[in-house]
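Trainee: For reference, the structure I am asking about is given below.
Coordinate-derived values only; no laboratory data. Since we're looking at a predicted model, the values are computed, not measured. Glycine gets a Cβ as well: all are built from the backbone with ideal geometry, and neighbour counts include every protein chain shown.
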Amino acid sequence: MGRPVTLFTGQWADMPLEELAQKASSWGYDGLELACWGGHFDVNRALEEDELREDIHRRIMRAYVEAGRRSDALAQYRHCREILIQELGVEPSQETQRLYQKAAGRTPG
């Protein structure tokens, strides 16, 4: 089991999730646990409410990439693609496909 760092929203509210994940990784942590007053924000629960939110899939993928968890990012892409094809008959957007290519190590950066 990884060792997550707990961050409170007041401390990090203006920082993008991807940047937080990168900082946590540089500090030696394996993940993020975000706590907020009045409850927790759960990205997976947000997807349960609307799995077609490709932007949320991308946020999860970026966080995985920044944390060095490329295989999890690729799995998230496959899940996103499956849902979009099954429900809407469309492929993921170019932005999501570029992120997939990055996670797969097929593009620089």
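Trainee: Tally up the residues in the stretch 44-65 that are touching a residue at least 24 places away in the same chain (Cβ under 8 Å) and under 9 Å from the mean Cα position of the chain (by Cα), please.
Mentor: The qualifying residues number 8.
Trainee: Next question. Just give me the residues in the stretch 82-109 being touching an Asp or Glu at 6+ places or on another chain (Cβ under 8 Å) and free of Cβ contacts under 8 Å to residues at least 12 places away in the same chain, in sequence order.
Mentor: Correct list: ILE85, GLN97.
Conditions (1) in a helix (DSSP H, G or I); (2) farther than 22 Å from TYR29 by Cα; (3) in contact with a Leu (Cβ under 9 Å, 6 or more places away or on another chain); (4) of a type in the set (Lys, Arg), marked per residue:
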{"residue": "ALA73", "(1), (2), (3), (4)": "yes, no, yes, no"}
{"residue": "ARG78", "(1), (2), (3), (4)": "yes, yes, no, yes"}
{"residue": "GLU82", "(1), (2), (3), (4)": "yes, yes, no, no"}
{"residue": "GLU87", "(1), (2), (3), (4)": "yes, yes, yes, no"}
{"residue": "GLU91", "(1), (2), (3), (4)": "no, yes, yes, no"}
{"residue": "GLU95", "(1), (2), (3), (4)": "yes, yes, no, no"}
{"residue": "GLN101", "(1), (2), (3), (4)": "yes, yes, no, no"}
